[in-house]
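So the structure is just underneath, and the comments pick up after that.
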Amino acid sequence: MIALTHKAPKGAALIAFLLAVLLPGPASAQASMAAPAEGRGERVATALAAAQDAQGRADQNALSDALRIIDRSGARPLEDWNGPDPVPAWRALLPDRAAVPLRGSPLGPGYRSGQVRPGKSESFQQVFLSGRKASIALSSPGGAPLSLRVVDADRKQVCVSETARQACRWVPIFTQRYVIEVRNSGESQASYFLVVD
């Protein structure tokens, strides 16, 4: 089990937990029993936010740990998203870091990043397939007060999440486009990472 002290840098405890859950061995079995189950998309969303925080603090160890989680998940930018991908820039900050071989599904979770002005929302559409588990996770560097809402093609609400752990999971009955909305209820602009798995 990874031991943490109260002097650990912000985000280090979270990264250590995520590594313990993702890496094989007895430590991961103990960690998964001690904490509520977290999906792959949620782990990636949290790692993306932790990487941005680590970049801001120039903490190469925390950045390397976060990138390891992102790499092992097979995560990649969402196909319809044309925003700047921060992951290659983060990798460039760690020139001595050995390339991590991708494991698991070649179709890992897709991610996007964005910013939402105070009191505003940003939305986009994503197709989810009938009968296949759908998962969306949202994270914000610095813990901005964001909420996540998903509605179907008939504008029927599928999920709303306003808690610290923002995630939506469901199994669509029909293959259709869903609208995903990220709302900022804070008083300043907020950055976010959204992961679809």
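The values are calculated or read from the model by the stated rules, or taken from the named source; none is laboratory data. Fair warning: this is a prediction, and the values are worked out from it, not measured in the lab. Cβ atoms come from the backbone with ideal geometry, glycine included; neighbour counts cover every protein chain shown. When the accessible area is computed, the model is the full protein with side chains, heavy atoms only, and any ligands, DNA or RNA have been set aside. Shrake-Rupley method; radii C 1.70, N 1.55, O 1.52, S 1.80 Å.
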Flagged in region 69-83 as charged (D, E, K, R) and either surrounded by 21 or more Cβ atoms within 10 Å (Cβ to Cβ) or touching a helix residue (DSSP H, G or I) at 6+ places or on another chain (Cβ under 7 Å) (or both), in numbering order, are Arg72
Selection over region 51-61 where residues are open to solvent by 10 Å² or more (accessible area, probe 1.4 Å) and assigned to a helix (DSSP H, G or I) yields a count of 7
Surrounded by 14 or more Cβ atoms within 10 Å (Cβ to Cβ), more than 19 Å from Leu194 (Cβ to Cβ) and at pLDDT 50 or above: is that true of Arg43 in this structure?
no
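Do any strands (runs of 3 or more DSSP E) entirely within region 63-174 hold 1 or more residues that are modelled with pLDDT of 90 or more and among the β-branched types (Val, Ile, Thr), and if so, which?
Values: elements: 110-116, 121-128, 134-139, 146-151, 157-161, 166-170.
The qualifying strands (runs of 3 or more DSSP E) are 110-116, 121-128, 134-139, 146-151, 157-161.
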Starting from region 170-197, take each residue that is within 22 Å of Gly74 (Cβ to Cβ) and list its partners that are surrounded by 19 or more Cβ atoms within 10 Å (Cβ to Cβ) and among the charged types (D, E, K, R), counting only C-beta distances under 6 angstrom and pairs at least six apart or across chains.
Leu194/Arg112; Asp197/Arg40
Scan region 150-185 residue by residue and report those that are more than 22 Å from Glu38 (Cβ to Cβ), acidic (Asp, Glu) and open to solvent by 70 Å² or more (accessible area, probe 1.4 Å).
Asp154
